[in-house]
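The structure under discussion appears below in the form of structure tokens.
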Amino acid sequence: MGVEGIGASVVRKEDRRFITGRGRYVDDIKIVGLTHAHFVRSPHAHAKIKSIDIAAAKGMPGVVGVLTGQQIVDDKVGNLICGWAITSKDGTGMKMGAWPAMAPEIVRFAGQAVAVVIAETKNQARDAAEAVVVDYEELPVASDIRAAIKPGAPQLHPEAAGNVIYDWTIGEEAATDAAFKAAANVVSLDITNNRLVPNAMEPRAAIAEYNDAEEHFTLYTTSQNPHVARLVLSAFYNIAQEHKLRVVAPDVGGGFGSKIFIYPEEMVALWASKKVNRPVKWTGDRSEAFLTDAHGRDHLTKAEMAFDKDNKVTALRVKTYANLGAYMSLFSSSVPTYLYATLLSGQYNIPNIFAEVISVYTNTTPVDAYRGAGRPEASFVVERLMETAARQLKVDPAELRRKNFITTFPHQTPVIMAYDVGDFGASLDSAMKAIDYAGFPARKAKAKAEGKLRGIGISCYIEACGIAPSKAVGSLGAGVGLWESAEVRVNPVGTIEILTGSHSHGQGHETTFAQLVAGRLGIPISQVSIVHGDTDKVQFGMGTYGSRSAAVGMSAIFKAMEKVEAKAKKIAAHQLEASEADIVIENGEFKVTGTDKSIALPMVALAAYTAHNLPDGMEPGLKEGAFYDPTNFTFPAGAYICEIEVDSGTGKTSFVNFVAADDFGTLINPMIVEGQVHGGLAQGIGQALLEGAVYDSSGQLMTASFMDYTMPRADDLPSFKLSHTTTECPGNPLGVKGCGEAGAIGASAAVINAITDAIGNNKLEMPASPDRVWHAIHG
Amino acid sequence: MYETTYHRPSSVDEAAALFAKGKEAKYLAGGHTLLPVMKQRLASPSDVIDLGKIKDLVGIEMSGDALTIKAATTYFDILQSADAKKAIPAIVHLTSVLGDPQVRYRGTIGGSIANNDPAADFPAAVLALGATVKTNKRSIAGDGFFKGLFSTALEDGEIITAISFPIPARAGYSKMRHPASRFALTGVFVVKTKAGDVRVAATGASQNGVMRVPAVEAALKANWSAGALDNVTISTDGLLADIHGSSAYRANLIKVMAQRAVTAAG
């Protein structure tokens, strides 16, 4: 049965239900007595609530309850929290302003909820929400980083003077400055990392049900990590105790990070279900998703790279302002710090790095982790600098990179990360070969003769995944450990259920996790089921993000499988009257090596559960659990090269070719890996060419629908050519590194490097829309 | 969406009568604009009168010198029409780059020009070709039909029944798609009439909706070639500027799209 084990491109088990419309999402769940919530949201980006009149709304048809921010405060429901403490360079803690789930007094971004109407139908709730009268007094607005940090800027939170949440540094400043003084050449760039809206296909949704007889809550929600949701909801928000709260994340239609966090709407649904003593449902619409799902990126950076006379990088100096929006979302503080600045060494041997990150409040939607989370921003800084340096130093960009690659491992960077293994030259070679790098000058000349502007761009990214060693992240301020748990249940008939704390919302765990088990036992994947997303079923787990599910989640399954197999071998040896050491597992059978004696897995399982004939002292049953805490991050890396053509008349960019050579360590299911890379590349290219969340100076989101926010479509993207150069990760038993975020991390720099190569100047911000490219060409 | 009453009349007269009876009635002719704004509760018509099932409003006819497309004919039907392909291939090309397959199955030519979205494609064809808009009350010349953003010469309750396009000597359409909406960021329709006149209309570019482009017309009248426009300057006065394109960019697009349309027209 090796054909379904690790390395096999098995068709995804879950797709049958997805493509036949049989998926079960939160909005599909029907509960007797369900009511519907509609939120009253602030139209202003910054305003004082002078009064809220709910009298008319309360009397509207079908209304079950109208609840306001003041009632949340009166009920002593806790404020939303940020779970990663960052310390400023002056030793003070981060300045977190209060974030009540509905605003009682001040609204700080357009779309923030101020009240909620619960009614028998969705339309009745919406009708009544329109009858809630809120009297606002508008306040001055800081709608972007520059507006927030300028003298005299409106103050958003009393806790954060000048709207600065923290001013944090990493690396050695004096040594870095000295290296810049001694440099033969310095390359400098001002970089905007554009703000993105995640736009998962399924909007966020919640159904909350309160059972007053048992004082027990159930929350069905669109979460990437239901246990973390339960932990935070119970520990911090004072709504339900952990053992009185079940959180279920059923089929979830994409997350990209945005469904890691606890949001006001889900909290309010839970709280309201007890207030009105009826099950409460809220399903966000697309407009609400644009306005309230945590956005991604949004950095302003000045970056400089120093080179010696041999073109070796001697130092990197970075100053970044990060926009965290109006409130600190759950992991927002860590994204521009430990997930960003720790990756600034890229694939290069850089002896001195110093980075300063200043995170600020603005009157915009909160910003948090979005596919790649900090690492795309870091990769973009490093790879734009490398390309710019090659042009400035008049050397080949591939050769400049190769000259500076880290080639011996392990490698300790100056910014915490210790790279365990890699072969950056191999990935670059593979990508260069795939795109015929050597033939590019001739192709460019030919294109020029035909009046076309052609360019090529390289991006050699590295990311830290397999998030994360608990002790390490604890020392850096994380409020949680980032291990994973698993349980392997072998049923009496030999079928297997794997309970995992990872959560699949598009990644294909039901297939890949089954492949691990099937491969080890030599059974078909149809004999293995994956159970996830329900705190009543799975004991605990930290969920899925940071490309962690294979490296951490599957490693936990691996450990639990080892325990199950050890016990099963004991039972088999006892049944076969052989030595335990002689038992091998092949094709679903336990065999005595060198003989024809064997016993099939179902018979071993049955023996375990009948317990009629077990070794003396052995407990019945065949079920084992394990917790796995990684020893290090994993470091997926690769080289992306794209070749593009720019239409100088319109500024439109077209792809000629896009090649990706990734090192993800061991591949579990190459087809699924390919899909993950395609999706990541689409988002990375989307950021480079198409996507950008734009606010006007009054804090209104100008790109609040797909009519203005350009989501990548199939015809915006090329056919990707993928390849893999593999170094196995030594840090986990499977040798896997993770593949979910790579495309989004590496692609954008390759695209911008290619366009700036084509047009011959470097003054280009993302998204490189036709308008911007045309202006870059023509001034 | 607020509650509304949906009607599906089978004749133009019945539709007009329903409209007259309704308090705040709206015609539905594809619905790509009306239905989204209704869903957002930005429009709340008392009655929605669907024109899509009126047989007299569907079909494409060729006469000696004109191609007549009835108002509720879908884009898909225009794409399939051998008559349209033969008479004015530029219209078929315009239709092929309009929206996406779902839009083309449902959207209608009458709906498009009655709505007069400033970035819609068909107003450019109507204006450049000097088409005649026929209604249940009269005939309106294309030049007098469009009256600025989302505004036309149609009176309250008046129903477009057909658009009659004179068959030109040459015609071409070139469009730069808006990256997000795929409407025209700027689209230009160029026409050389059988009488030798040149008419050029641009959509997506102007703050007042579809417009003629006299500078391009003059240059092309003197010399019908893309190169004739090399030295033409388009003023940015009155052009749209937004996050997807400055007015300078749109002015450039008017010229570049006109050149490509001329090349396509042959």
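The values are calculated or read from the model by the stated rules, or taken from the named source; none is laboratory data. On a predicted model such as this, the values are computed, not experimentally measured, just so you know. Cβ placement follows ideal geometry from the backbone for every residue including glycine, while neighbour counts extend to all protein chains displayed. The accessibility values were calculated without ligands, DNA or RNA, using every heavy atom of the protein model including side chains. Shrake-Rupley method; radii C 1.70, N 1.55, O 1.52, S 1.80 Å.
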Would you mind working out the magnitude of the charge dipole of the range B:56-166 relative to its Cα centre, with +1 at each Lys and Arg C-beta and -1 at each Asp and Glu C-beta, to the nearest 20 Debye? 100
Once label points are set 7 Å from the Cα along Cα→Cβ at both A:Gln241 and A:Lys309, what is their separation, rounded to one decimal in nm? 7.4
Name the residues of the range B:232-266 whose accessible area, probed at 1.4 Å, falls by at least 40 Å² once all protein chains are in place instead of their chain on its own? B:Ile243, B:His244, B:Tyr249, B:Asn252, B:Arg260
Sites A:Arg146 and A:Ser51, calculated FRET efficiency, Cβ-Cβ separation with R0 35 Å, nearest 0.05: 0.55
Whole-Hz ³J(HN,Hα) from phi, Karplus 6.51 cos²θ - 1.76 cosθ + 1.60, for the range A:646-654, glycine and proline x: 10, 7, 5, x, 10, x, 7, 9, 10
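Kindly state, to the nearest 0.05, the FRET efficiency for B:Asp197 paired with A:Arg713, given R0 = 60 Å and r defined as their beta-carbon distance.
Numbers: r = 39 Å, r/R0 = 0.65.
Working from the Cβ atoms, E equals 0.95.
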Pop out the ³J(HN,Hα) list for the range A:96-107 in order, Karplus 6.51 cos²θ - 1.76 cosθ + 1.60 with θ = phi - 60°, rounded to Hz; leave Gly and Pro as x. 8, x, 6, 10, x, 4, 10, 6, x, 9, 10, 9
Pairs of Cα atoms under 8 Å, at least six residues apart: use those to get the relative contact order of chain B, whole percent. 15
Relative contact order (%) - criterion: Cα under 8 Å, at least six apart; region: the range B:56-166: 29
Could you give the dipole magnitude of chain B about its Cα centre, charging the beta-carbon of Lys and Arg +1 and that of Asp and Glu -1, in debye to the nearest 20? 460
For the range A:1-49 and the range A:121-156, write down the distance between their C-alpha centroids in whole Å. 29
Could you give the dipole magnitude of the range A:371-482 about its Cα centre, charging the beta-carbon of Lys and Arg +1 and that of Asp and Glu -1, in debye to the nearest 20? 540
As a quick test, which of the pairs A:Lys95/A:Lys471; A:Lys537/A:Lys559; A:Lys95/A:Lys150; A:Lys244/A:Lys281; B:Lys70/B:Lys221; B:Lys86/B:Lys221 have an alpha carbon distance above 26 angstrom in this structure? B:Lys70/B:Lys221
If each of A:Lys302 and A:Glu215 carries a label point 7 Å out from its Cα toward its Cβ, how far apart are those two points in nm? 5.8
Within straight-line cross-link reach of A:Lys597, lysines at Cα separation under 22 Å, skipping those fewer than 8 residues along the same chain: A:Lys567, A:Lys569, A:Lys570
Under the rule of -39500 (n - 2.57) per DSSP H run of 4 or more residues, summed and divided by the residues of the protein assembly as shown, what mean residue ellipticity at 222 nm is obtained, to the nearest 500 deg cm²/dmol? -8500 deg cm²/dmol
Give me the compactness ratio for the protein assembly as shown, meaning the Cα radius of gyration over 2.2 N^0.38 Å. 1.02
Expected output is a single nm value to one decimal: the length gained when fully extending between A:Ala85 and A:Leu189, i.e. 0.36 nm times separation in residues minus the C-alpha distance. What is it? 34.5 nm
Above-threshold pairs, the threshold being 29 Å between Cα atoms, out of A:Lys259/A:Lys433; B:Lys26/B:Lys192; A:Lys181/A:Lys763: A:Lys259/A:Lys433; B:Lys26/B:Lys192
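Below 8 Å between Cα atoms, with a sequence gap of 6+, how large is the relative contact order for chain A in percent? Write down the numbers at each step before the final one.
Working: 2009 pairs, mean separation 123.8, N = 779.
Worked out over chain A, it gives 16 percent.
For the protein assembly as shown, report the accessible area per residue in Å² (1.4 Å probe, heavy atoms, rounded to an integer).
Values: 38580 Å² over 1045 residues.
Ligands and nucleic acids excluded, the result is 37 Å² per residue.
Are there GluC sites (Glu not before Pro) in the range A:129-161 that DSSP puts in a loop and that have at most 16 other Cβ atoms within 10 Å, and which ones? Walk me through the intermediate numbers first.
Details: sites: A:Glu130, A:Glu137, A:Glu138, A:Glu159; in loops: A:Glu159.
Hits after loop and neighbour filter: A:Glu159.
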For the range B:170-265, the charge dipole (Cβ of Lys, Arg +1; Cβ of Asp, Glu -1; about the Cα centre) points to a positive end, and the Cα of B:Ala180, B:Val262, B:Ser206 closest to that extreme belongs to B:Val262
What are the aspartates and glutamates whose alpha-carbon lies under 16 Å from the alpha-carbon of B:Lys55, with same-chain residues fewer than 8 places away excluded? B:Asp13, B:Glu14, B:Asp77
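Relative to the present Cα-Cα distance, how much length would full extension add between B:Lys85 and B:Ser235 at 0.36 nm per residue of separation? Please list the in-between numbers first.
On the way: separation 150, 0.36 × 150 = 54.00 nm, distance 3.42 nm.
Full extension from B:Lys85 to B:Ser235 adds 50.6 nm.
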For chain A, with the dipole built from +1 on Lys and Arg beta-carbon atoms and -1 on Asp and Glu ones, taken about the Cα centre, which of A:Phe424, A:Ala518, A:Gln392 lies farthest toward the positive end? A:Gln392
When the Cα centres of the range A:401-417 and the range A:676-729 are compared, how far apart do they sit, in Å? 29
List the residues of the range A:645-668 that lose 20 Å² or more of accessible area once all protein chains are present, compared with their chain alone (1.4 Å probe, heavy atoms only, no ligands or nucleic acids). A:Asp647, A:Gly649, A:Thr650
For A:Lys446, which aspartates and glutamates qualify as cross-link partners when the Cα separation must be under 19 Å and same-chain residues fewer than eight apart are set aside? A:Asp436, A:Glu643, A:Glu645, A:Asp647, A:Asp757
With θ taken as phi - 60° and the coefficients 6.51, -1.76 and 1.60, list the Karplus ³J(HN,Hα) couplings across the range B:160-171 in order, rounded to whole Hz; mark glycine and proline as x. 6, 9, 6, 10, 10, 9, x, 6, x, 6, 9, 7
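Could you check how much of the accessible area of the protein assembly as shown is carbon and sulfur, as a whole percent, using a 1.4 Å probe?
Numbers: 19910 of 38580 Å².
Of all accessible area on the protein assembly as shown, carbon and sulfur atoms account for 52 percent.
Quote the total accessible area buried by chains B and A together, excluding ligands, DNA and RNA, probe 1.4 Å, nearest 100 Å².
On the way: alone 12150 and 28310 Å², together 38580 Å².
Accessible area lost upon association: around 1900 Å².
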For the A:Asp582, A:Thr631 Cβ pair and Förster radius 35 Å, calculated FRET efficiency rounded to 0.05 is 0.60
Label-point separation, A:Asp596 to A:Glu450 (7 Å along Cα→Cβ), nm: 6.8
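Give A:Lys275/A:Lys623; B:Lys39/B:Lys85; A:Lys652/A:Lys721 a once-over and call out the pairs whose C-alpha atoms are over 29 Å from each other.
Values: A:Lys275/A:Lys623 41 Å; B:Lys39/B:Lys85 36 Å; A:Lys652/A:Lys721 22 Å.
Going by Cα-Cα distance, A:Lys275/A:Lys623; B:Lys39/B:Lys85 fall outside the 29 Å limit.
Can you tell me how much longer the chain between A:Ser654 and A:Gln392 gets when fully stretched, taken as 0.36 nm per residue apart minus their C-alpha distance, in nm with one decimal? Walk me through the numbers before you get to the answer.
Numbers: separation 262, 0.36 × 262 = 94.32 nm, distance 2.59 nm.
Full-extension gain reported as 91.7 nm.
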